[in-house]
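Student: Please see the structure below; I have some questions.
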Amino acid sequence: MKIVDVKAYPIRIENNPSESSSSDKGKEQDSDQSFGGESDRPPIKDLGDHYIDKTNYTSIYSKFHQTTVVKVETSDGIIGWGESQSPVSPNTTATIIKDLVNPLTINADIFDVEAIWNKNFTAMKERGHYTGFYIDAISGVDIAIWDAIGKTLKLPTHKLLGGRHRDSIKLYNGIGGRDPKKVADMALSSIAKGYKAVKLHLRENMEGTIEIVSEVRKAIGDDIDLMLDVHMMFNTHEAIRLGRQLEKFNVYWLEAPSDPNDIPGQIKICQALDIPIANGEWTRTKFEMREIFEKRAYDISMPDIARTGLTGAKQIASIADLYNIPVAPHVGGGGILSVAATVQFSIATPNFLIMEHSEQGNKMKSQYLSHPFEAENGEFTATDKPGLGIEIDENALQSFIAKPSL
Ligand SMILES: [Mg+2]
């Protein structure tokens, strides 16, 4: 069954500040804060549609929910949907798909999905494009092809990725903020919605981090899993010192403690601490993972399916399994197709641990769905719906397409 068309739609959705959606942010999530307001948050530098933290070098963030939605059409009229995670500049990803991935993919047979990934990957490898935007672009198309295969065979995608390893997917809800009491309240409201696990996104110094973790643990008690993402804030020695202090709060994992490019540093942190180190939302292919897994630089691997594709994530998870490394897929600021693809991956992955989710952002991300796709009681449930298990409302989607930047 031939692919006759590949389209990419850069998406931009207004972010409701009271329902902050992008759980990969880490510092601007107090629910009463809006962009630019006077508060206890670090000063931020306004870059128009984007902003950065003025006080130190951190990620650039969008004031909007942004992503790239991909549509693949087959010769039998089947439509598959995918997503390339694009928290900033979805026009870049969409242009790569239109100019490069489209001509390499048109006329291919959908059942050659891994061969298509390989052809696309190798097409730009010699020029050094083996990660970043180019792999994001390939990954969105890959997810759309897996959706089209499922719809063609009338099977859920997880049945094609190895089958159903579990009937439900445990989620953790991502929250953040700077005021310990407010963060603890957000954790409690997550628990009230049925979550058994919450993750804190913090960008504090060591004392500030410990203060918030302590307040949250006190509020939620001992039966809830508590993860902590510190967004690469520390150097190796600080990370070890922090990790030792966190042990008494029974932190489930410490995520991204320092610069991930420093693989020897990651190894040192993993070896020094009893708390598992979770890492890897920025890695995109199995080729990036060999040294990390061989040297056990991560205790928990966090592939982001809208950056790896389902093909790439399956490969990464299989290699991780060789080393007894569990997989906790990252979703972060990904859109609703990213969420649905990650659910399919999680059902089909033997060494799956827990999936990231944003309870607060899910409704906003779902505005171009025909039917709601919501977690219940902190879980997604496996269904027999074909493909990714969701339907796109194309009219609604059109209303969120960003203006071309060129
Ligand atoms: Mg993270």
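Student: Check D393, D384 and return the single one that is among the charged types (D, E, K, R), surrounded by fewer than 20 Cβ atoms within 10 Å (Cβ to Cβ) and touching a Phe, Trp or Tyr at 6+ places or on another chain (Cβ under 7 Å). Before the answer, list the steps.
Tutor: On the way: D384 fails: touching a Phe, Trp or Tyr at 6+ places or on another chain (Cβ under 7 Å).
The unique qualifying residue is D393.
Student: I've got another one for you. Report yes if some residue within the range 106-123 is in contact with a Pro (Cβ under 7 Å, 6 or more places away or on another chain) and either more than 24 Å from L161 (Cβ to Cβ) or surrounded by fewer than 24 Cβ atoms within 10 Å (Cβ to Cβ) (or both); otherwise report no. First the steps, then the outcome.
Tutor: In the first step, residues of the range 106-123 are kept if they are in contact with a Pro (Cβ under 7 Å, 6 or more places away or on another chain); the result is none.
Looking for residues that are in contact with a Pro (Cβ under 7 Å, 6 or more places away or on another chain) and either more than 24 Å from L161 (Cβ to Cβ) or surrounded by fewer than 24 Cβ atoms within 10 Å (Cβ to Cβ) (or both), one finds none in the range 106-123, hence no.
Student: Looking only at helices (runs of 4 or more DSSP H) that fall completely inside the range 54-161, which ones have 3 or more residues that are aliphatic (A, V, I, L, M)?
Tutor: Numbers: elements: 90-96, 102-105, 113-123, 133-153, 157-160.
Per the criteria, 113-123, 133-153.
Student: Continuing with the same structure: Can you tell me which residue is nearest to I316 (Cα to Cα) among those in the range 124-158 that are surrounded by fewer than 18 Cβ atoms within 10 Å (Cβ to Cβ) and basic (K, R)?
Tutor: Checked the range 124-158; the qualifying residue nearest to I316 (Cα to Cα) is K125.
Student: Tell me, which residue of the range 317-336 that is of a type in the set (A, V, I, L, M, F, W, C) and either more than 16 Å from the ligand (Cβ to nearest atom) or within 10 Å of S139 (Cα to Cα) (or both) is nearest to the chain's Cα centre (by Cα)? Working first, answer last.
Tutor: Taking the range 317-336 as the starting set, the residues that turn out to be of a type in the set (A, V, I, L, M, F, W, C) are 317, 319-320, 322, 325, 327-328, 331, 336.
Now restrict to residues that are either more than 16 Å from the ligand (Cβ to nearest atom) or within 10 Å of S139 (Cα to Cα) (or both): 317, 319-320, 322, 325, 336.
On the way: A317: 15, I319: 20, A320: 18, L322: 23, I325: 18, I336: 11 Å.
Ranking the candidates gives I336 first.
Student: Same structure, new question: In the range 202-237, what residues are farther than 13 Å from G177 by Cα and within 16 Å of the ligand (Cβ to nearest atom)?
Tutor: Our first condition is that a residue be farther than 13 Å from G177 by Cα; within the range 202-237, this holds for 205-207, 210, 214, 217-227, 231-237.
Within the range 202-237, D225, L226, M227, H231, M232, M233, F234 qualify.
Student: If I ask for residues that are β-branched (V, I, T) and farther than 20 Å from Q271 by Cβ, which ones from the range 212-250 would you list? Don't jump to the end; show me each part of the working.
Tutor: Pass one, the range 212-250, residues β-branched (V, I, T): 212-213, 216, 220, 224, 230, 236, 240.
Within the range 212-250, I212, V213, V216, I220, I224 meet the criteria.
Student: Further question on the same structure: Kindly establish whether Q29 is touching a Gly at 6+ places or on another chain (Cβ under 9 Å), modelled with pLDDT under 50 and away from the ligand (no atom under 16 Å from the Cβ).
Tutor: Values: touching a Gly at 6+ places or on another chain (Cβ under 9 Å): yes; modelled with pLDDT under 50: yes; away from the ligand (no atom under 16 Å from the Cβ): no.
So Q29 fails the test.
Student: Taking the criterion of being within 15 Å of the ligand (Cβ to nearest atom), more than 30 Å from A340 (Cα to Cα) and buried (at least 22 other Cβ atoms within 10 Å of the Cβ), would at least one residue in the range 238-249 satisfy it?
Tutor: Yes, because at least one residue in the range 238-249 is within 15 Å of the ligand (Cβ to nearest atom), more than 30 Å from A340 (Cα to Cα) and buried (at least 22 other Cβ atoms within 10 Å of the Cβ).
Listed here are the residues, each with its yes/no results for (1) more than 21 Å from I135 (Cβ to Cβ); (2) within 16 Å of the ligand (Cβ to nearest atom); (3) modelled with pLDDT of 95 or more.
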site	(1), (2), (3)
K7	no, no, yes
S18	yes, no, no
K25	yes, yes, no
Q33	yes, no, no
K45	yes, no, no
G77	yes, no, yes
T93	no, no, yes
I96	no, no, yes
I106	no, no, yes
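Student: Scan (1) exposed (fewer than 15 other Cβ atoms within 10 Å of the Cβ); (2) within 14 Å of V69 (Cα to Cα) for the single condition P372 breaks and write down its number.
Tutor: It fails just one condition, (2).
Student: If we only count strands (runs of 3 or more DSSP E) wholly inside the range 167-242, which ones have 2 or more residues that are polar (S, T, N, Q)? Before you say what the answer is, go through the steps one by one.
Tutor: Working: elements: 168-176, 197-201, 225-229.
Those strands (runs of 3 or more DSSP E) span 168-176.
Student: Same structure again: Being assigned to a loop (DSSP other than H, G, I, E, B) and away from the ligand (no atom under 16 Å from the Cβ): is that true of T311 here?
Tutor: Working: assigned to a loop (DSSP other than H, G, I, E, B): no; away from the ligand (no atom under 16 Å from the Cβ): yes.
Taking the combined requirement at face value, the residue does not satisfy it.
Student: Still on this structure, I have one more. Taking the range 337-393 on its own, how many of its residues are touching a Pro at 6+ places or on another chain (Cβ under 8 Å), in a strand (DSSP E or B) and within 16 Å of the ligand (Cβ to nearest atom)?
Tutor: Counting residues in the range 337-393 that are touching a Pro at 6+ places or on another chain (Cβ under 8 Å), in a strand (DSSP E or B) and within 16 Å of the ligand (Cβ to nearest atom) gives 2.
Student: Look at the range 161-200 and say how many of its residues are without any contact (Cβ under 8 Å) to a residue 60 or more places away in the chain and either under 18 Å from the mean Cα position of the chain (by Cα) or within 23 Å of N351 (Cα to Cα) (or both).
Tutor: 2
Student: What's the number of the condition D262 fails, among (1) closer than 29 Å to G309 by Cβ; (2) within 16 Å of the ligand (Cβ to nearest atom)?
Tutor: Here D262 meets the rest and fails (2).
Student: Write out, first by first residue and then by second, each pair whose Cβ atoms fall under 7 Å of each other, whose residues are 6+ apart or on separate chains, and whose first residue, in the range 301-314, is under 18 Å from P326 (Cβ atoms) while the second is within 15 Å of the ligand (Cβ to nearest atom) and in a helix (DSSP H, G or I).
Tutor: Cβ pairs passing all conditions: I305/S338; I305/T342; A313/I305.
The values are calculated or read from the model by the stated rules, or taken from the named source; none is laboratory data. On a predicted model such as this, the values are computed, not experimentally measured, just so you know. Heads up, the Cβs are rebuilt from the backbone with ideal geometry, glycines too, and the neighbour counts pull from every protein chain shown.
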